Amino acid sequence: MTKVKVITDPKVIKLMLEDTRRKILALLRNREMTISQLSEILGKTPQTIYHHIEKLKEAGLVEVKRTEMKGNLVEKYYGRTADAFYINLYLGDEELRYFARSKLKTKLEIFKALGYEFDEEELLDVMDRLLEKEHEYKTEISKEIEANEEKLKDFSDEDIIHAIEWLAMARMGRDEEFISLVRRLGEILGIER
């Protein structure tokens, strides 16, 4: 299994964001499982889980890892095709951009609950652009990691994910537009040094 798989196809990203499929991918991160095991944990019928597994297989996110004979039946154990999937919601697809922006609106509600006052549209625009730039860097770094898979086989998934974060932070710290946007974010929120 590969460490990191970069997902750039908007159709595959949308497929991954569906609630049941997202839960299946999360469960399969820890171990291989059968349709019946997934069905029991998720409280869904085996037919429903099978449908979602087939969609995930078609997208190249899940595969049969092994089979076992249970009486007359063959049990298939499914697993992910990568330890970590990296998706970029800023690939030009309007639906995904809308989804990314709507996720930001929740953060604005938290800011309001904490007593911050701001112009919502301006703040959303700045946060949206910051996230877009962050995704650009993380996609670039994830592709770099994907291309160097063999050199990284002895490192844990967690360490690789943290390395992506650190490398992205280092690159963003050299990006004048990003730095300017972070400063503007602080100004909009009225954050003093």
**OP:** Would you please give the residues with an amide H less than 5 Å from that of K3, counting only those at least 5 places away or on a separate chain, with H modeled from the backbone geometry?
**Re:** D83
Original post:
Given the options D154, D83, D125, which has the most mean-square fluctuation in a GNM of the chain, springs set between C-alpha atoms less than 10 angstrom apart?
Top reply: D154
**OP:** Could you tell me which of M16, I141, I110 has its Cα farthest along the dipole of the chain towards the positive end, charges placed at Cβ (Lys, Arg +1; Asp, Glu -1), taken about the Cα centre?
**Re:** M16
Original post:
How many Å³ per residue does the convex hull of the Cα positions in segment 119-158 occupy?
Top reply: 58 Å³
**OP:** Calculate, in whole percent, how much of the Cα-Cα pair population of segment 124-193 lies beyond 15 Å.
**Re:** 59 percent
**OP:** Please identify every one of the GluC sites (Glu not before Pro) in segment 138-193 that sits in a loop by DSSP and has no more than 13 other beta carbons within 10 Å of its own beta carbon.
**Re:** E192
Original post:
Which option, (i) 62, 40, 33; (ii) 65, 36, 28; (iii) 69, 38, 28, is the value of Cα extents along the principal axes in Å that was calculated from these coordinates?
Top reply: (iii)
Subject >> Spread of Cα-to-Cα distances over 5 Å intervals beginning at zero, given as percent, for segment 18-70 >> reply: 4, 20, 35, 28, 11, 2, 0
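Taken together, the values in this text are just the output of simple stated rules run on the coordinates, not laboratory data. Note that the structure is predicted; figures quoted are calculated from it, not measured. Backbone-built Cβ (ideal geometry, glycine too); neighbour counts: all protein chains shown.
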